[in-house]
1. Residues VAL110, VAL170: which one is out of contact with any Asp or Glu (no Cβ under 6 Å at 6 or more places or on another chain), among the β-branched types (Val, Ile, Thr) and at negative phi?
2. Could you check how many residues of segment 93-119 are open to solvent by 70 Å² or more (accessible area, probe 1.4 Å) and assigned to a loop (DSSP other than H, G, I, E, B)?
3. Do you know which residues across segment 157-179 are of a type outside the set (Val, Ile, Thr), open to solvent by less than 40 Å² (accessible area, probe 1.4 Å) and under 17 Å from VAL25 (Cα atoms)?
4. Looking at segment 131-153 only, could you name the residues that are closer than 24 Å to VAL110 by Cα and either crowded, with 16+ Cβ neighbours inside 10 Å or touching a Gly at 6+ places or on another chain (Cβ under 9 Å) (or both)?
5. Give the residues of segment 27-81 that are open to solvent by 40 Å² or more (accessible area, probe 1.4 Å), charged (D, E, K, R), within 33 Å of the chain's Cα centre (by Cα) and at pLDDT below 90, sorted by residue number.
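The values are calculated or read from the model by the stated rules, or taken from the named source; none is laboratory data. Since the structure is predicted, the reported quantities are computational estimates derived from the model, not experimental observations. Here Cβ is always computed from backbone atoms with ideal geometry, including for glycine, and neighbour counts include all displayed protein chains. For accessibility, only protein heavy atoms count, side chains too; no ligands or nucleic acids. Shrake-Rupley method; radii C 1.70, N 1.55, O 1.52, S 1.80 Å.
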Amino acid sequence: MRKLRRGKVLGWRWRRNPLRRPSDVVEAWIVLVAWTVAIVGAVVAGVIGSQIAHRAVAHDRAGRLPVSAVLVKAVPGGRDLVTGFKYDRVRATVRWTDAKGITHTGVTDVKTTVKPGSALTAWTDGRGRLVAAPMNSAEATSRVLMAATGAALAAGLTVLGAGCLVRLRVQRRATERWGAEWERVGRQWGHTTG
């Protein structure tokens with residue numbers, strides 16, 4: 001005996017068929033519109049998200065000013081007792097003079113190879129407070145890409161979720177109508193359901 005192969009027919013809701021219900025056509029339109037809006041919305045949200053993240057990174061970079069500093073005292077580097085990971089940077093006290101000639105002292109991260117008395121570059125926020133070094137181009141690019149991807153996924157999945165909810169509501173109404181019709185026809189045949 002030959003085995004029959006059943007395949008899914010693409011676009012069956014769009015074809016004329018005596019068994020096709022009006023709700024099938026509505027479902028097809030809902031799926032088409034939801035996917036179209038999700039794709040376009042994801043692209044737009046991704047572009048907007050990348051532009052916002054790019055501006056934030058540029059603003060963050062612009063707000064950090066390099067100053068020449070001298071290492072006063074470093075905390076010895078070593079291994080983390082929990083993870084065993086060896087750090088290449090340690091917290092250290094540095095001293096620098098601002099543009100007005102005022103000497104400041106603060107704590108920042110320095111490489112473990114820097115010895116006390118050595119000159120190094122520290123970063124300030126323009127008000128005399130020490131801050132971390134600005135992101136390099138690879139970190140900035142990855143941050144912008146993550147923001148764009150996150151915005152695109154959030155927009156696309158939100159639209160697809162809403163489309164799925166609308167589609168489920170249409171299916172529920174079609175099932176309720178089908179049940180009511182079955183009740184009416186079943187009585188004509190002399191049968192009851194349930």
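1. On the way: VAL170 fails: out of contact with any Asp or Glu (no Cβ under 6 Å at 6 or more places or on another chain).
The conditions single out VAL110.
2. The total comes to 6.
3. Our first condition is that a residue be of a type outside the set (Val, Ile, Thr); within segment 157-179, this holds for 157, 160-165, 167-169, 171-174, 176-179.
Checking the rest, the ones that are also open to solvent by less than 40 Å² (accessible area, probe 1.4 Å) come to 161, 163, 174, 179.
Result: GLY163, ALA174.
4. VAL131, PRO134, ALA140, ARG143
5. Pass one, segment 27-81, residues open to solvent by 40 Å² or more (accessible area, probe 1.4 Å): 29, 31-33, 35-37, 39-40, 43-44, 47-48, 51-52, 54-56, 58-62, 64-66, 68, 70, 72-73, 75-77, 79-81.
The next check asks that each one be charged (D, E, K, R); those that pass are 55, 60-61, 64, 73, 79-80.
Filter once more, keeping what is within 33 Å of the chain's Cα centre (by Cα): 55, 60-61, 64, 80.
Answer for segment 27-81, where residues must be open to solvent by 40 Å² or more (accessible area, probe 1.4 Å), charged (D, E, K, R), within 33 Å of the chain's Cα centre (by Cα) and at pLDDT below 90: ASP60, ARG61, ARG64, ASP80.
Yes or no, residue by residue, for (1) within 35 Å of the chain's Cα centre (by Cα); (2) over 12 Å from ALA69 (Cβ atoms); (3) without any contact (Cβ under 8 Å) to a residue 12 or more places away in the chain:
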| position | (1), (2), (3) |
| --- | --- |
| ARG91 | yes, yes, no |
| GLY101 | no, yes, yes |
| THR105 | no, no, no |
| ALA119 | no, no, no |
| SER137 | yes, yes, yes |
| ALA155 | yes, yes, no |
| VAL159 | yes, yes, no |
| VAL170 | yes, yes, no |
| ALA174 | no, yes, no |
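Condition check ((1) exposed (fewer than 11 other Cβ atoms within 10 Å of the Cβ); (2) modelled with pLDDT under 95; (3) not in a helix (DSSP H, G or I)) across all residues:
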residue	(1), (2), (3)
ALA155	no, no, no
GLU181	yes, yes, no
ARG184	yes, yes, no
HIS191	yes, yes, yes
